[in-house]
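So the structure is just underneath, and the comments pick up after that.
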Amino acid sequence: MDSARRPCLITVCLSVLAATCLPCSGSPGPTLWGKKVVFMGRHCVWQLDKGCVVPPLEELSVCVHLHREIATSEWTGFVYKAPGERQVELGLAGRGGFLVAWLFGHQWSVPEDLPLKCWHNVCLTWSSHSERLRLYINGSSRLDAHVNATLPRRLAHNGTLTLGVSHNIVGGVMEFENGKNFLGAISLFRMWGHERTAEELRAHSCIDGNVVRWDNNDWDYQICLPEDDTNIQCGAFPNVTASPPTVTNTTPGSPTSTNTSDPVTPTETQQPSLGLPVSPTGLSTTKEPSDLNSTGTGIASTFYRVQMKLNMTMTVTGSDPGETIQTWVQRKLEEVRMNALHFQIFQSTYKEIDKKETQRVEMAAELRNQKRFRCTFHVQDADARNVMTTQRLINDLLSRIHFGGEIQVDSRDVHVSHIDPGSCPEDTHESIRGVYIWPIKDAQKTETMICEKNSGARASRKCELDGVTEKAKWAEPNLKACRPMITISDLDNVTVTANNSADVVDMIEDLLGVEGDLSDSQLATVVQKLDEVLVVSTVTPALGEDIVSIIADILGSSSNLSAVANDILGITGSVGDQMDFPEESQNVTVPSLALSMINVDPEQFQGLTFGVSSFSTGLAPEIFVNQTFLSQPCDGTVASISLPRALQNFFPEGNKKKRVQFHFYGTQELFKDPETNWTLNSYVVSASVNNSNVSNLGNPVVVTLTHLKPKEKNDKMECVYWDFQKNNGSGGWDCNGCETLPSISAYQTTCHCYHLTHFGVLLDVSRTPISEADQETLMAISYLGCGVSSIFLSISLLTYVVFEKLRRDYPSKILINLSVALLGLNLVFLMDSWLSSFGFYSLCITTAATLHYFLLASFTWMGLEAVHMYFSLVKVFNVYIPSYILKFCTLGWGIPLVVVSLVLAIEKDAYGNVLSGDSLDSLQGSEPFCWMQSNVFFYITIVAFVLLVLVFNMVVFIMVLIQIRHMQTNNPAATVNKRSVMHDLRAVASLTFLLGLTWPIAFFTWGPARVPMLHLFSVLNSLQGFFIFVFHCLMKENVRKQWRIHLCCGRFRLNDYSDWSRSVTMGGRTKQNHLVHRFPSVKSVNTSSRKISDDSTTASGSSSPPYHQWA
């Protein structure tokens, strides 16, 4: 009874499948190929015909040709919605210069604005198995995005589709959304029930869909009739329509299997697609097409071996003939749902032995421009036809003249043999992502299983046909979507043995890819397990490379490595010592790390040189080894180390292997020394001899290291090695036993060391430039302060020059000269960068010399202010000094002139362009600045001169304060009140700026307080001209009276100025035209004190270039 029912059940199932899976058009109707639909703002509706039902697809491909005529901020290409739903199930749109792809209500944007007035082929592909959404424009990939496993696994069944406009179903009636219409033309909308590959989209772009086709039967339109367009790429007819899609059936909690077909059929006249990757000539050029029934459990495919000889009568210009042959074979087989696998092609030549036979010689050689070839490949027949029938079919497909005679195949040269690869056996695979039992599977089929940890994701594994043995075998499972079942912390419970050591290494490598940055405890666990692996295992090259890759992953993370630095160095050293390899040498290079191991013969040892020729962060370094010793530095290398012949004295005795190994570390994170304020300015290179401690070599080891940061003027570099015992066993840098050779380049340092370990170059950062942000701030303060000072110095000078009564005494005349010097200094400083930008050599020297002159003149007049105070208050005498101010002017302007003239006479090139690279403390950034560029002249003519003046001014300042205090103490009538205290503070501030006592701040700009002190220095000294105005114009009563008399009007104008004569303490035109000093009486104490504060000039602070140059 059951047997009687079974045919009926099969018939019913086939009927259901036919009803739901066949494409919309049972047979092709009037074709729309060569036609387009024009959407230009009119009421134009193209929607999927009700008779065309989209099945519930688990994978799909959609292609549409778009021709934009008018640019709009938003437009709609097509929209597919589930029945009764408002969200977009599948769609394509444009928005603000982005191309937007919709899937299951989610959107992905690509920065692509389709150009106007031309056709664009846009394709979307999606598969629930790969969980990828891909978008192609004109055959080029523009999007490859992961689709969350929580989203639906199937496209909604029997939805609604519109072109050029979005829509909603309201009360059973379709309503359209205006405002986002497509303005242009649309053509060739097609949908397939499988995911097409990029190669298929490029090679077979002109085939019709198998779910939705571009013909009248599939579309509903009343107006907007299609229009002919001869410019459409594919012409008026499709090549061949693809076969119907098949439905996927997935049972949760068990392996999932899907029957998918992927037929594409080009026409015989179509030119071959040359878009496939070009394979190396003469080598295997295995192509991986979309697998027929790749995930199916239905009818098993049959397989064949094909051997074929062919002639190419003409050269394929600009392409590889092998690629052309492979593409042709694949396309011919796809016509009948077959695939070519393991394609190999050889050049064939014929050598004549005698008149009756020839010997064929095969070689894998350059194929271009050759005419005779032999190729072998396997064929997968997804339809499992009769063997004899299939063999004849393959022979007939290939035994023709193709491409207009370009390829010629004789039927006698095609040999087709049936092969039986069998099936992949049941296999249990254990990994950190779970235990998966893969069932028996036919060749070229893929099994999918639900992930153990996250049930929304899938694991997959393919049963492949082995191209050599011609038997089915399991490929490595794809478990990337599955979450790990264990963590790094769980490794503490794993006991490492010789049998499982490789598995432990694989587990660590997988976990690192998941964990990313590791905590201190996780790092300790990983390092411990790697140590245990090295103890119990024989280190093969494969195992050693895996361990080194793990170390490279750790170095590339942001984990704190200081606690395990020595352990990591020990592991890499053990790998090099223990690795077992038959060759003379073995190299292992991974990102940022390289190992080179050489087994040497002591009798023939002449030295060794290891080097890194090029390296970029994150990439594997390129290394070289020379069997000689190079005493001179290796130029053009990132790092090199050369071992002398004397090293042979340290080789192990007896029959033990003599191995030298080199390491290169392209990272600085491993070598952190908290006990030094120097910074590592090179990569690290090391050398060692197995089972030997190399020290006190007779000849030095030559180490040449390239600087990570070019050496600047006055930078100090030092050769160092990594001492494992420093910092309580954590390791640190030491310089004993290494000699730093004189630098001949700003980019390299050469070291001579007399032992072997890890070497590097340190940079003294105690005088390194301040941060870029602080430089910009200080530069802004300098320029702003100098500008403000220039304005107020000009006002002060104008006040004293215009109002003759103000400049009658000596202090006022000294103040005028000091103001002129400071004004000149500020103006030249402000214009320096602008003048230096012209690039004239003589102009730059003149600018630098002028700036030097005004700087020295400013400090000279500050010193003369101190001399005048000393004569006035400290030194008491009754001597007439003729031409007092004239003598001061001779000294104030003459001494700087003599100094500058001597510099120009001795070496005029002492002045020149100074960049930030030449001065650690420059505030000019990368701008040129004309200034003193000779260190010798700088320290002699500026630092020493300024220091001498400041020391003298400081002494005079203290003496003046003591003298004023002495005067106040001898005055019994003097009382201490708030007003007198404020007056004294004003006097101290006035003297401080007058004598330039804010400049010594420059000598305290080091250490942690460097940046704050530099800011304070720049503020106080760049505003020195402003403080002169405050203390000697704004706060002086006689100056304010002159302003009120001559500048004010109304009730602010001062008419009575009878007290002027009493306010003048010393007049150039009075009867006391000489200096007569005597001890002041008690009565005059307050007057003398007031006189110092009112008549002394304020210390002026100009910003020498740069302000903190003396830091």
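Remarks
- Using C-alpha pairs below 8 Å separated by at least 6 residues, the relative contact order for the range 92-156 is 21 percent.
- Integer Hz, Karplus 6.51/-1.76/1.60 couplings in order for the range 51-62, x for Gly and Pro: x, 9, 9, 7, x, x, 8, 9, 7, 7, 9, 9
- Rounded to the nearest 20 debye, dipole of the range 504-632 from Cβ charges on Lys, Arg, Asp, Glu: 340
- Loop-located GluC sites (Glu not before Pro) in the range 565-641 whose Cβ has at most 15 other Cβ within 10 Å (DSSP): Glu583, Glu584
- The range 684-797 shape via C-alpha gyration tensor axes, a/c threshold 1.5: prolate
- Couplings for the range 560-566, taken from phi via the Karplus curve 6.51 cos²θ - 1.76 cosθ + 1.60 with θ = phi - 60°, read 7, 9, 4, 6, 10, 4, 5 Hz in order; Gly and Pro are left as x.
- Counting only residues at least eight positions apart within a chain, or on another chain, the aspartates and glutamates with an alpha carbon under 16 Å from that of Lys726 are Asp567, Asp673, Glu675, Asp734.
- With all protein chains modelled, accessible area of His429 [1.4 Å, Å²]: 40
- Spin-label model, Ile744/Ala1009: points 7 Å from Cα along the beta carbon direction are separated by 4.5 nm.
- By the rule of a C-alpha distance below 15 Å, with chain neighbours fewer than 8 residues away ignored, the aspartates and glutamates paired with Lys453 are Glu430.
- A 1.4 Å probe run over the protein chains yields, for the range 677-788, 44 Å² of accessible area per residue, whole-number rounding.
- Dipole of the range 795-891, positive direction: furthest Cα of Ile795, Ala866, Thr846, with charges on the beta-carbon: Ala866
- Cβ-derived FRET efficiency at R0 22 Å, Trp834 paired with Ser794, nearest 0.05: 0.70
- Note on exposure: His157, His204, His983 ranked by accessible area (1.4 Å probe, complete protein assembly) read His157, His983, His204, with the most exposed listed first.
- When only alpha carbons are used to place a centre, the range 679-745 and the range 826-859 end up 43 Å from one another.
- Heavy-atom accessible area order for Ser205, Ser489, Ser455, largest first, 1.4 Å probe: Ser455, Ser489, Ser205
- Nearest-20 debye value, the range 153-239 charge dipole, Cβ charges on Lys, Arg, Asp, Glu: 380
- Cβ-Cβ FRET estimate between Ile1045 and Leu843, R0 fixed at 51 Å, reported to 0.05: 0.65
- For Phe651, distant residues with modelled amide H under 5 Å away: none
- Residues in the range 196-209 carry Karplus couplings, in order, of 8, 7, 4, 5, 5, 5, 7, 7, 10, 7, 10, 10, 7, x Hz; the curve used is 6.51 cos²θ - 1.76 cosθ + 1.60 with θ = phi - 60°, and Gly or Pro positions show x.
- Ligands, DNA and RNA are left out, and with a 1.4 angstrom probe the accessible area of the range 383-477 is 48 Å² per residue.
- For Glu199, solvent-accessible area (1.4 Å; no DNA, RNA or ligand), Å²: 50
- Net lengthening on full extension, Ile906/Thr538 (0.36 nm per residue, minus Cα-Cα): 125.2 nm
- Ranking by accessible area, most exposed first, for Arg965, Arg153 with a 1.4 Å probe: Arg965, Arg153
- Amide H contacts of Ile440: Glu426, each under 5 Å away and 5 or more positions distant or on a separate chain (H built 1.01 Å from N in the peptide plane; Pro and chain starts excluded).
- Net +/- balance of residues flanking Gln586 in space, Cβ distance below 11 Å, scoring K and R +1, D and E -1: -3
- Computed FRET value (nearest 0.05) for Ile885 with Met1035, which takes r as the C-beta separation and R₀ as 25 Å: 0.55
- Gyration tensor verdict on the range 39-139 (Cα atoms; rounded if a/c is under 1.5, prolate if a/b is larger than b/c, oblate otherwise): oblate
- In terms of its C-alpha gyration tensor, the range 635-696 has a prolate overall shape, because the principal axis ratio a/c (a ≥ b ≥ c, square roots of the eigenvalues) is not below 1.5 and a/b outweighs b/c.
- In this structure the amide hydrogen of Ile419, modeled in the peptide plane, comes within under 5 Å of the amide hydrogens of Phe303, Tyr304, Arg305, none closer than 5 places in sequence on its chain.
- Accessible-area composition of the range 513-657, carbon plus sulfur, in percent [1.4 Å probe]: 44
- Cross-link pairs beyond the 32 Å C-alpha cut-off, checked among Lys36/Lys332; Lys441/Lys480; Lys658/Lys711; Lys50/Lys180: Lys658/Lys711
- With all protein chains in place and a 1.4 Å probe, the accessible surface of the range 729-828 carries 64 percent carbon and sulfur.
- Solvent-accessible surface (1.4 Å probe) assigned to Thr525 amounts to roughly 10 Å².
- Accessible surface, per residue, of the range 526-617 when the full set of protein chains is kept, probe 1.4 Å, Å²: 37
The values are calculated or read from the model by the stated rules, or taken from the named source; none is laboratory data. As the structure is a prediction and not an experimental result, all values here were calculated from the model. No Cβ is skipped: glycine too gets one built from the backbone with ideal geometry, and neighbour counts run over all protein chains shown. Heavy atoms of the whole protein, side chains included, go into the accessibility calculation; ligands, DNA and RNA do not. Shrake-Rupley method; radii C 1.70, N 1.55, O 1.52, S 1.80 Å.
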